[in-house]
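Note sheet for the following structure.
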Amino acid sequence: MKSEPDECSIDDALAAPGATVPWTGVRNYQARNFMRDTMRIGDGVLFYHSSCPEPGIAGLARVASAPYADPTQFDPDSPYFDPASRRDAPRWQLVDVQALRKTRLLGLPALRADPALDGMLLLQRGSRLSITPVSEAHWRHITQRLMAD
């Protein structure tokens, strides 16, 4: 799951009550569908910092709630306001994410250079999705690299 650190960094998430934050602002249907249809409470999350000088995996987290309506879609003062979304048929969903630990930054160049991560959706050229599934093999490999430090 990608987050811009000036909006919500791994440090911000760890400092939140219960180290849990709502993952607001997803406004891409494919990313929403991954979150809504395939994420389950307890699933692991690679907390990825994007749109920053050094993008990469900055921590580990877990899905802490079932999907529910993202309230920012109804707030006209929010940058994520969607005037076409209706309360009786919300267009956008979110899950709560609980940060578990900050890790050393595993940057995008290191991820791209690792042959064990071939085929990872995050690393596909042109991939801009804020939420992508991670295979069990890629999850194990990345978490082993992060825990080795």
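The values are calculated or read from the model by the stated rules, or taken from the named source; none is laboratory data. Model, not experiment: these values are computed from the prediction. A quick note on method: Cβ atoms are made from the backbone with ideal geometry, for glycine too, and the neighbour counts reach across all protein chains shown. Just the protein is used for accessible areas: all its heavy atoms, side chains included, with ligands, DNA and RNA removed. Shrake-Rupley method; radii C 1.70, N 1.55, O 1.52, S 1.80 Å.
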Worksheet, complete the sentence: When the range 53-79 is checked residue by residue, the ones that are loosely packed, with under 15 Cβ neighbours inside 10 Å and of a type in the set (A, V, I, L, M) are A66
Worksheet entry | Residues (under 18 Å from M120 (Cα atoms), part of a loop (DSSP other than H, G, I, E, B) and open to solvent by 40 Å² or more (accessible area, probe 1.4 Å)) located in the range 43-52 | D43
Discussion item. For the range 1-42: of the residues being of a type in the set (F, W, Y) and open to solvent by 30 Å² or more (accessible area, probe 1.4 Å), which is nearest to R104 (Cα to Cα)?
Written reply: F34
Item to complete: Filter the range 115-137 down to the residues that are in contact (Cβ under 8 Å) with a residue 24 or more places away in the chain and over 30 Å from D82 (Cβ atoms), then identify the one that is surrounded by the fewest Cβ atoms within 10 Å (Cβ to Cβ).
Response: A116
Item to complete: Within the range 89-138, count every residue that is touching a Ser or Thr at 6+ places or on another chain (Cβ under 8 Å) and assigned to a strand (DSSP E or B).
Response: 5
Practice prompt. Among the residues of the range 138-149, count how many are open to solvent by 30 Å² or more (accessible area, probe 1.4 Å) and over 20 Å from D37 (Cβ atoms).
Written response: 7
Item to complete: State all residues of the range 91-114 that are farther than 25 Å from A15 by Cα and open to solvent by 50 Å² or more (accessible area, probe 1.4 Å); if no residue qualifies, say none.
Response: R91, P109, R112, A113
Fill in: Selected residue [open to solvent by 40 Å² or more (accessible area, probe 1.4 Å), more than 16 Å from the chain's Cα centre (by Cα) and farther than 23 Å from L14 by Cα] from D82, D88
D88
Worksheet item: Taking the stated definitions as given, is G59 farther than 21 Å from Q93 by Cα and touching a helix residue (DSSP H, G or I) at 6+ places or on another chain (Cβ under 8 Å)?
Response: yes
Fill in: Any pair with Cβ under 8 angstrom, 6 or more apart, that starts in the range 1-16 at a residue that is in contact (Cβ under 8 Å) with a residue 40 or more places away in the chain and on the phi > 0 side of the Ramachandran plot and ends at one that is aromatic (F, W, Y) and surrounded by fewer than 19 Cβ atoms within 10 Å (Cβ to Cβ)
none
Practice prompt. Among the candidates D82, D114, single out the residue that is more than 23 Å from V21 (Cα to Cα) and modelled with pLDDT of 95 or more.
Written response: D114
Practice prompt. List every residue pair whose Cβ atoms sit under 6 Å apart, with the two residues 6 or more apart in sequence or on different chains, where the first one lies in the range 52-67 and is without any contact (Cβ under 8 Å) to a residue 60 or more places away in the chain and closer than 15 Å to R104 by Cα and the second, anywhere, is surrounded by 18 or more Cβ atoms within 10 Å (Cβ to Cβ) and basic (K, R).
Written response: none
